[in-house]
1. Return one whole number: the accessible area per residue of region 59-115 in Å², for a 1.4 Å probe.
2. Tell me the per residue accessible area of region 1-50 using a 1.4 Å probe; a whole number in Å² is fine.
3. Suppose the chain between Gln101 and Arg78 were pulled fully straight at 0.36 nm per residue; how much longer would it get relative to their current alpha carbon spacing?
4. When the accessible area of the chain is split by element with a 1.4 Å probe, what percent falls to carbon and sulfur?
5. Of the beta bridges DSSP finds with both residues in the chain, what % are antiparallel, to the nearest 5?
6. For Lys140, Lys160, Lys132, give the ranking by accessible area with the largest first, probe 1.4 Å.
7. Report the antiparallel proportion of the DSSP beta bridges in region 113-185 as a percent, rounded to a multiple of 5.
8. How large is ³J(HN,Hα) for each residue in region 73-82, as worked out from phi by the Karplus curve 6.51 cos²θ - 1.76 cosθ + 1.60 (θ = phi - 60°), to whole Hz, x for Gly and Pro?
Amino acid sequence: MIFALDLEGVLAPEIWPILGAQFDLPELSLTTRDLADFNELMHRRVAATRTAHLTLRDLQNVAYGVEPYLGARDFLTRLRTMGAVVIISDTFHEFSEPLIQKLGGHSLFANRFELDSAGQLIGFKLRIRGQKERIVSGFKSAGFPVAAVGDSLNDLSLLKSCDYPVLYRPVDTLRSQFTDAPVAVNLDEALEILAAAYRREEDGKG
């Protein structure tokens, strides 16, 4: 079984609001809970960093200090006893690789930044935006059942394409899209729901 998880908001805090607070840039504090159009959101974030003359290294110095939620690493360790864990997120590799290592080291599907010669952001490559469904479909076509956990509108395609969607402290709009999906308010509840999905698949093999 494959467990496909969002990163920020589920396993760790949102990185951009932390950057916004550190550099006193409200535009960086916006997330997909505030603005569903991720492309527009990223253009606003990039513009804000350029106005403030921030380099990627400046941002990384803060992002690298982000710690996982309490219990997140143990949660993933326990999931690994039931299947493979992949993290599919609209975060950026340049921010989140150290965080992934703090979580125990897992496969991360994320986006990449584009930089100018001074190391400032000039754009981004959305390798994940619009691809979550394709990634999940690839796992399913290989014969793996997929359970997914997400919290916001950017997880919509991930949750729609999987076999077992789990909403984690979801925004109201996301909840309205999945009226029958189980809702978890902490990682212990999420683990119980995912374990039940795993048992259902194992029972089906019999």
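The values are calculated or read from the model by the stated rules, or taken from the named source; none is laboratory data. Because the structure is predicted, anything quoted here is derived from the model rather than measured. Here the Cβ positions follow ideal geometry from the backbone for every residue, glycine too, while neighbour counts run over all protein chains shown. The protein model used for the area step is the full one, side chains on, heavy atoms only, and it has no ligands, DNA or RNA in it. Shrake-Rupley method; radii C 1.70, N 1.55, O 1.52, S 1.80 Å.
1. Value returned for region 59-115: 42 Å² of accessible area per residue.
2. 37 Å²
3. Full extension from Gln101 to Arg78 adds 6.6 nm.
4. After summing per-atom areas, the C and S share lands at 48 percent.
5. So the antiparallel bridges in the chain amount to around 20 percent.
6. Lys160, Lys140, Lys132
7. Among the beta bridges of region 113-185, antiparallel pairing accounts for roughly 35 percent.
8. 5, 5, 4, 5, 4, 6, 5, 5, 6, 10
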